[in-house]
1. Test CYS230 against the criterion of being in contact with a Leu (Cβ under 7 Å, 6 or more places away or on another chain) and farther than 19 Å from GLY72 by Cβ, and give yes or no.
2. Within region 129-164, track down each residue that is without any contact (Cβ under 8 Å) to a residue 60 or more places away in the chain, open to solvent by 10 Å² or more (accessible area, probe 1.4 Å) and under 14 Å from the mean Cα position of the chain (by Cα).
3. Could you check region 30-61 and list, in sequence order, the residues that are among the hydrophobic types (A, V, I, L, M, F, W, C), open to solvent by less than 30 Å² (accessible area, probe 1.4 Å), out of contact with any Lys or Arg (no Cβ under 7 Å at 6 or more places or on another chain) and not in a helix (DSSP H, G or I)?
4. Which one is surrounded by the most Cβ atoms within 10 Å (Cβ to Cβ), of the residues in region 81-111 that are at pLDDT below 95 and touching a Leu at 6+ places or on another chain (Cβ under 6 Å)?
5. Determine, yes or no, whether MET186 is surrounded by 15 or more Cβ atoms within 10 Å (Cβ to Cβ), among the aliphatic types (A, V, I, L, M), more than 21 Å from VAL61 (Cα to Cα) and touching an Asp or Glu at 6+ places or on another chain (Cβ under 8 Å).
6. In region 221-237, how many are without any contact (Cβ under 8 Å) to a residue 40 or more places away in the chain and open to solvent by 60 Å² or more (accessible area, probe 1.4 Å)?
7. Among SER205, SER177, which is the only one that is modelled with pLDDT of 95 or more and open to solvent by 10 Å² or more (accessible area, probe 1.4 Å)?
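The values are calculated or read from the model by the stated rules, or taken from the named source; none is laboratory data. Keep in mind the model is a prediction, meaning the values are calculated, not measured. All Cβ positions, glycine included, derive from the backbone under ideal geometry; neighbour counts span all protein chains shown. These area figures cover heavy atoms from the full protein model, side chains too; ligands, DNA and RNA do not enter into them. Shrake-Rupley method; radii C 1.70, N 1.55, O 1.52, S 1.80 Å.
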Amino acid sequence: MASLFDGTEGMENIGDIYDRMEANCPHPRSTSQKLWALRHACDIPSRSRNQSCETLIEKAVANLAARGHMPGWFNQCPTASGIADSSEDRRTASRRGKRRDVDLVHWCGSRKHARLVELKWASDDPCSALKQILRYGATYIFCRIHKKELPLQAQPLMDAAHVSLEVVAPARYYLDSSQKDCLVRMRDSLNRFVGSKTGGIWSMSLNVLAFPEDFDRVPFTDGEDVIKKCRGASAEGQKVCATFNNLASVWPAP
């Protein structure tokens, strides 16, 4: 039996991604209470091999947010936790399941505005990153449409009036301007598809954003350094806060 994301790799049309997800799980169910839950996953195990620049920045945001320095920010939001077709054996689904977590989420409850962020530093390329966040966008739509069948009634993200899908990376990440064509195609497919699925009740956009030029290196050496420097108002912590308050739009929509 297929999992939700099977066969969606490399797709850049959100309608095609969604149709494949519906074919994979026509009768979705999940018992996970973590699905689309807002959380602060702050710790980085000292022996973890995954201490990439992206991970260090993500964990810095989580630690700062958990201590009140970056209100509304969360990390490692599970997009497909436990989702399988209702006809599938639960044990089989559990063995095959993979984590599909959004790097960062910003939630503004007063505006009901959600930002789903794919964080990049030097890995992949803009087109690959956009395909990744677009798949999370398709998953969001899938879960919202099947909200009554999934344990999502308590999750505020499911009541968003607008969802912004974003890739956030250094300015140098976008030097190849030919990558803009990929963004244009994905935006076009997103605009057509979301309107047909939401009836105008809520909307979704796709954007690429760049760090300020002075954020040219990650100010942490490892996970322990992140936790240490983000406990208080250190210079490094303040720089991360300022950086996320001053993201610049790249290739904005016309």
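1. Here the answer is no, as CYS230 does not meet what is asked.
2. Residues satisfying the conditions are GLN132, TYR136.
3. LEU35, TRP36, ALA37, ALA41
4. Across region 81-111, the extreme among qualifying residues is ILE83.
5. Yes.
6. Matching residues across region 221-237 total 3.
7. So the residue among SER205, SER177 that is modelled with pLDDT of 95 or more and open to solvent by 10 Å² or more (accessible area, probe 1.4 Å) is SER205.
Table: residues versus (1) in a loop (DSSP other than H, G, I, E, B); (2) under 19 Å from TRP36 (Cβ atoms); (3) modelled with pLDDT under 95.
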position	(1), (2), (3)
ALA138	no, yes, no
ILE141	no, yes, no
ALA154	yes, yes, yes
VAL167	no, no, no
ARG185	no, no, no
ASP216	yes, no, yes
GLU224	no, no, yes
THR243	no, no, no
